[in-house]
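Data first, discussion second: the structure below is written as structure tokens.
We did not get these values from a lab; they are worked out from the coordinates using the rules stated. No experiment lies behind these values; they were computed from the predicted model shown. Virtual Cβ from ideal backbone geometry, glycine too; neighbours counted across all protein chains shown.
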Amino acid sequence: MSSISLKINGQAVTVDDIPSDMPLLWALRDKLDLVGTKYSCGIGVCGSCTVLVNGVPMRSCVVPAISMAGMEITTIEGLDPTGEHPVQKAWNEEDVPQCGYCQGGQILTASALLQQNPDPSDEDIDSAMAGVLCRCGTYHRIRKAIKLAARYSAESGGGS
Amino acid sequence: MNPLEQRTMIDRRSFLKVSILTTGALVVGCGRFDTEQADETAGDPWIANLYVRIDPDGKITIVSKNPEGGQGVKTAFPMVVAECLNVDWKDVSVEQAPLDDRYGRQVAGGSRGTPDGWDDLRVAGTAASYLLIAAAAEEWGVAPEDCRAGNGTVVHEASGRSARYGSLLQTAAGLPVPDVEDLDLKSRPEDFSLLGTFVPGVDNSRILTGQPLFGCDTRLDGMLYAVFEKCPVFEGKVRDANVEEVGKLPGVTHAFVVNGTDDLQGLRSGVAIVAGTWWEANSARKRLRVNWDTSHSDSSADFERQAEALRGQTGEVLRSDGDVDEALGAASQIVESSYYYPFVGHANMEPQNCTAHYRESGQLELWAPTQNPKSGRQLISKTLGIAEDQIHVNMTRIGGGFGRRLRSEFMAEAAWIAREIRQPVQLQWTREDDMRHDYYRPGAWHDFRAGLDEDGRMIAFDHHFITFGANGETVSGADLSPRHYPAGLVPHFRLRQSLIGTNVPTGPWRSPGHSAYCWSYQSFFDEVALAAGRDPLEFRLDLLSRSYGETQLDRQRASDVLELAAAKAGWGQRQLGADRGLGIAFHFDHGGYVAHVAEVVADGSSIKVEKVFSATDIGPVINLSGAKNQVEGCVVDALSTANLEVTFVNGAAQQSNFNDYELLRIGQAPEIECHFIQSDNPPSGLGEPPIAPATPAITNAIFAATGTRIRELPFSRSGIFI
């Protein structure tokens, strides 16, 4: 058990009494009550638990929290709490969610894609989004929403 | 609700209740009068199916009574009320109801939400609008017929007067409640302005910003976290376990054996471990040593041997029309084929969980992602001996249902643990728990024989269905109705059934049965059509052109969706490359008619499903977005599931996570083009009908592209890879 400092959604937070092997996912959910990051497989294959670490999508269910000191961690709560991020807006416009459980991971992965590649092709999208499962089958709309988000970003003149 | 005044108007069909609250809000409830309950108890026999509240500031609140798990009911139902109430959708907000008997059926299952709710939703909205128009007319001293309502405002055009709904509430509350029979309910798609449009889900803003919404998002003061270890072998029980040792591990507050009950869908024997965080509870589990008492050894290989042995037998005849043997003897051509599909799991993205708080007063409160909260409450009441009126169930959003959460054992487990430890607790299953303790969709074998006359028409159909069950009763989720298509369309028809006993838990899985056996029928009919030298579409339409006695389906609606899907796909109109194929299939279930045409391209045994053209008739479309979402989701689900199987060895499931049960990923998902035939038939639900015909449309297309007829699923068993 130790105490660690993390930077989450732009804020420095201290997490006490954290087991050394506790993945970031459970530090977020059970220690910090940031429940937007979801547990589904626990072995890093489904992507529901995706967070951005220094802007790169990572599986929080397999990354020890203590290894995250000094990193900039963005969870779905922190992307844009008002829901005005181009990806969030596009996701609503295309009404992507069905059950919605995986969508935090989808949105963060999509936002990282657009940061790297502002105008992705279908192949770019399929490749970047391959790691995030959706049991409801919203893939068709995810492709459309990413293209719409790319347009929103281009129109606003900034990156995503 | 705190009504100052309440009046009712009883009707044989449904009735209305109008109240004015202390806040000045007008509440219109719609429901039924339960005469049975009235005879038995002195309580209020009123069963409200919904409430609509109009606040003085014009805000409209609609209570959504059913569980929401992605099927879109929480958006679609309020849309119907808003349409009939003539208000602007942006003024409407939706509240999730808890489990409350006054709401009647609160279940997400059987695609029944929409057909059950259609009348009440329209009655409530229309009645409220009627009262507000009447209120304005009275205030202005004009005839109600000369006024009209729109966008939350009543207008009297002749005088140019208008009034917002919010200003009319007190007057409306004093007026006689209209007779339900007198209300003019909108029913035709051309009458709608909001219905049939594309409306994003009402929970989107919370989903997209990661706000708490799902069962596992529940957080209570002083809450602990639990895991519950059950025997990997079905029905196994704990003999003993090292719970004292486990109880001393870091973070662990409790570790104890739960004896469980003999109810196979209820609380089973296992070991509960509770800790300050879920990670600590689950980590402690690795040190848990349980001595299990097991007696079952079901295996997939043994099932296959038993099925093979049953093949030559007649089985129980479930239906026999005409004389199948004679007709087959006289047929010009006989086509025979056999199909097999495996057990599959539900694999909801949100593994089963439930949060429970047992209070010293003896009351129990739960937060559950459940498709059937009432059955959960009944199970808990029976298992824990707590009266149902002492159990309060909050319905959270559900991270995927697909029929799995019609079962409630996870609620009973959480309730039991909560009462043992006397602290709020969240039980969270692992993915492995979820995969190994599912209620699987049962596998089956179908042996078909069709007899054709000299014109290539199917005059005889003999079907031997080998599935799971005992003593003439199939296990849950395995039944096949003898009334179903193509019964009544073939003059000589016989359905025979043989059963294999099993201890594998089974249950409803999205469009129970249909999603499985439709594939066999629609694949076989492709074989029959091609053997007769006929076009698969033309063969199906011809089959629908005659009937021999009663059929469950409307043959015209069935033909219409087939023709529409075919037309949109350019069936018979396009030159396709040698590596490309189209496949068509149709099905009718849960009141919905759906046909799909799939287009695939093959690279050897590797298949890409490029596009699916879909035609659906479910009556009027309520939310175009929700409707398309269900069609798109069903197509992806069908393709994903056709690639999967759950197998059993020594009485346990072999698959345990998404690395050995690999759901479809985005790169494998087709483009999907949805078309709807909108009619004024009463609407039916759409969570299930599109899935069944999607699988055979795809496999028929694979045949067209490759010449490989897929007679066994998953695809890999037939040498095909997606």
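In table form, for the structure just shown:
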{"quantity": "Size of electric dipole in the range A:86-156: Cβ of Lys, Arg +1 and of Asp, Glu -1, about Cα centre, debye, nearest 20", "calculated": "200 debye"}
{"quantity": "Folded to 0 to 90 degrees: helix A:139-156 orientation relative to chain A principal axis, Cα", "calculated": "80 degrees"}
{"quantity": "Residues in the range B:653-686 reached by a label modelled at B:Glu304 [backbone nitrogen below 18 Å; 7 Å Cα→Cβ]", "calculated": "B:653-655"}
{"quantity": "Inter-chain Cβ neighbour average for residues B:411-422, partner chain, 10 Å", "calculated": "0"}
{"quantity": "10 Å Cβ neighbours from other chains, averaged over peptide A:75-88", "calculated": "3"}
{"quantity": "Shape category assigned to the range B:475-626 from the gyration tensor of Cα positions, a/c cut at 1.5", "calculated": "rounded"}
{"quantity": "Axial C-alpha extent at least 20 Å, average Kyte-Doolittle at least 0.5 - helices from chain B (DSSP)", "calculated": "B:691-706"}
{"quantity": "Point-charge dipole on Cβ atoms (K/R +1, D/E -1) for the range B:526-670, about Cα centre, debye to 20", "calculated": "320 debye"}
{"quantity": "Shielding score for B:196-205, defined as the mean number of other chain Cβ atoms within 10 Å", "calculated": "3"}
{"quantity": "B:Arg148-B:Asp680 FRET efficiency (beta carbon distance; Förster radius 22 Å; 0.05 resolution)", "calculated": "0.50"}
{"quantity": "For the protein assembly as shown, with +1 on Lys and Arg beta carbons and -1 on Asp and Glu, the positive-most of B:Tyr593, B:Ser269, B:Ala705 along the dipole", "calculated": "B:Ser269"}
{"quantity": "Within the range B:519-559, GluC sites (Glu not before Pro) in DSSP loop having at most 11 other beta-carbon neighbours inside 10 Å", "calculated": "B:Glu550"}
{"quantity": "Listed residue (B:Gln678, B:Leu364, B:Ser332) projecting farthest to the positive dipole end of the protein assembly as shown, Cβ model", "calculated": "B:Leu364"}
{"quantity": "For A:Gln98, residues with placed amide H under 5 Å, excluding near neighbours", "calculated": "none"}
{"quantity": "Backbone HN-Hα couplings from phi across the range B:334-345 [Karplus 6.51/-1.76/1.60, Hz, Gly and Pro as x]", "calculated": "10, 10, 10, 7, 10, 10, 9, 10, x, 5, 9, x"}
{"quantity": "Cα shape, the range A:79-160, gyration tensor, a/c 1.5 rule", "calculated": "oblate"}
{"quantity": "Positive-pole candidate from B:Val425, B:Gly72, B:Met395, dipole of chain B, charges at beta carbon", "calculated": "B:Val425"}
{"quantity": "Expected 222 nm ellipticity per residue - DSSP helices of 4 or more, -39500 (n - 2.57), all of chain B, to 500", "calculated": "-8000 deg cm²/dmol"}
{"quantity": "Coil-residue trypsin sites (Lys or Arg not before Pro) of the range B:557-591, DSSP, other Cβ within 10 Å capped at 10", "calculated": "B:Arg574"}
{"quantity": "Neighbour net charge for B:Leu267 - beta-carbon separation under 15 angstrom, K R +1, D E -1", "calculated": "-1"}
{"quantity": "At most 16 other Cβ within 10 Å, DSSP loop - GluC sites (Glu not before Pro), the range B:431-513", "calculated": "B:Glu454"}
{"quantity": "Cα long-axis angle, helix A:103-116 against chain A (0 to 90 degrees, to the nearest 10)", "calculated": "70 degrees"}
{"quantity": "Simple Cβ-charge dipole of the range B:320-459, Lys/Arg +1 and Asp/Glu -1, about Cα centre, in debye nearest 20", "calculated": "1140 debye"}
{"quantity": "The protein assembly as shown: C-alpha gyration tensor shape, a/c 1.5 cut-off, then a/b vs b/c", "calculated": "rounded"}
{"quantity": "Among beta bridges that DSSP assigns inside chain B, antiparallel share in %, nearest 5", "calculated": "75 percent"}
{"quantity": "DSSP beta bridge pairing in the range B:320-437, given as percent antiparallel to the nearest 5", "calculated": "60 percent"}
